[in-house]
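The values are calculated or read from the model by the stated rules, or taken from the named source; none is laboratory data. A quick note: this is a predicted structure, and the numbers were derived from the prediction, not measured. Cβ atoms come from the backbone with ideal geometry, glycine included; neighbour counts cover every protein chain shown.
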């Protein structure tokens with residue numbers, strides 16, 4: 001990231017009181033539109049003293065529960081319901097979200113791998129720089145709403161990268177408990193190679209966590225309700241939402257983590273994957289995870305895939321066709337800080 005200013009423009013003042021609904025303008029000059037811009041929808045509700053909270057989704061365009069959750073919040077919340085400032089950003093990587101793709105169809109980049117971005121880079125790099133320097137920098141708290149997208153399906157979970165700062169970890173755990181998903185999961189440190197929104201939040205001293213809500217390239221109704229209610233509970237707990245929109249969580253979230261990448265299971269061959277376990281199963285190291293069949297050479301025996309750790313199946317691959325290096329499952333084991 002350079003010290004240059006963002007080239008994206010916001011048509012309202014984040015400090016102005018009231019509810020502002022508009023589009024961030026991302027310059028995009030193409031054959032059909034010489035002086036055009038892409039419209040990134042954003043809503044800012046500002047009302048007096050209180051924290052600033054960023055809630056965003058659409059980091060990956062094929063992950064839908066978060067986008068719907070933010071849409072519902074925009075239509076539900078009015079200025080008098082807020083104490084402080086709430087920024088709602090439902091289609092963070094707008095080109096990807098518009099196309100329903102994990103990565104941008106324009107520059108093929110994954111927004112959650114390129115923070116802190118570059119104001120002079122490609123469109124996704126410019127978006128990342130804007131989020132970090134204009135949105136995250138303003139925010140005391142942030143929620144980045146994800147799901148499994150087209151290739152994965154998750155147990156409904158609140159998630160965050162492992163952080164050796166115990167005070168920060170404790171505060172995030174408390175908010176995860178308030179969120180109230182059935183599971184809360186800590187990824188290994190540097191899970192996204194240092195380029196995630198979580199890394200951006202740490203740099204900007206913003207207290208943040210994310211979600212993984214279902215997936216399979218669909219909107220899962222039960223995950224959607226968990227996501228909406230969880231966000232509403234956190235906003236009320238933080239104090240930016242004056243009155244509760246959701247009841248307290250009924251159950252205690254189960255805290256899980258992946259201590260290493262032994263908890264991730266990958267395809268080591270090309271073919272059709274036959275899973276032998278399901279989401280929510282408890283497995284042990286050495287258990288059969290599945291088989292990869294090769295109909296191109298049907299006389300060839302399938303390749304067996306085994307788990308390298310004990311744990312709960314938190315995430316499962318959706319498409320049957322796999323390539324070497326595709327994630328098939330990942331596991332979690334109980335976490336105590």
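Within region 174-195, one or more residues are under 14 Å from the mean Cα position of the chain (by Cα), more than 24 Å from residue 76 (Cβ to Cβ), free of Cβ contacts under 8 Å to residues at least 40 places away in the same chain and not in a helix (DSSP H, G or I).
Checking 198, 205 one by one, the residue that is without any contact (Cβ under 8 Å) to a residue 40 or more places away in the chain and either surrounded by fewer than 18 Cβ atoms within 10 Å (Cβ to Cβ) or out of contact with any helix residue (DSSP H, G or I) (no Cβ under 8 Å at 6 or more places or on another chain) (or both) is 205 and no other.
Answer yes if at least one residue in region 274-281 is touching a helix residue (DSSP H, G or I) at 6+ places or on another chain (Cβ under 9 Å), at pLDDT 95 or above and under 30 Å from residue 226 (Cα atoms), and no otherwise. The answer is no, given that none of the residues of region 274-281 is touching a helix residue (DSSP H, G or I) at 6+ places or on another chain (Cβ under 9 Å), at pLDDT 95 or above and under 30 Å from residue 226 (Cα atoms).
Identify the residue in region 111-130 that is surrounded by 21 or more Cβ atoms within 10 Å (Cβ to Cβ) and within 26 Å of residue 218 (Cβ to Cβ) and, among all such residues, is nearest to the chain's Cα centre (by Cα). So the residue we want is 112. Just a yes or no: is a residue in region 31-51 in contact (Cβ under 8 Å) with a residue 24 or more places away in the chain, surrounded by fewer than 18 Cβ atoms within 10 Å (Cβ to Cβ) and touching a helix residue (DSSP H, G or I) at 6+ places or on another chain (Cβ under 8 Å)? For region 31-51, residues in contact (Cβ under 8 Å) with a residue 24 or more places away in the chain, surrounded by fewer than 18 Cβ atoms within 10 Å (Cβ to Cβ) and touching a helix residue (DSSP H, G or I) at 6+ places or on another chain (Cβ under 8 Å): present. Any idea which residue in region 127-154 is nearest to residue 63 (Cα to Cα), counting only those that are out of contact with any helix residue (DSSP H, G or I) (no Cβ under 7 Å at 6 or more places or on another chain) and either assigned to a loop (DSSP other than H, G, I, E, B) or modelled with pLDDT under 95 (or both)? In this case the residue turns out to be 149.
Residue 79 meets the conditions (1) over 14 Å from residue 127 (Cβ atoms); (2) touching a strand residue (DSSP E or B) at 6+ places or on another chain (Cβ under 8 Å); (3) surrounded by 16 or more Cβ atoms within 10 Å (Cβ to Cβ) in every case but one. The failed one is (3).
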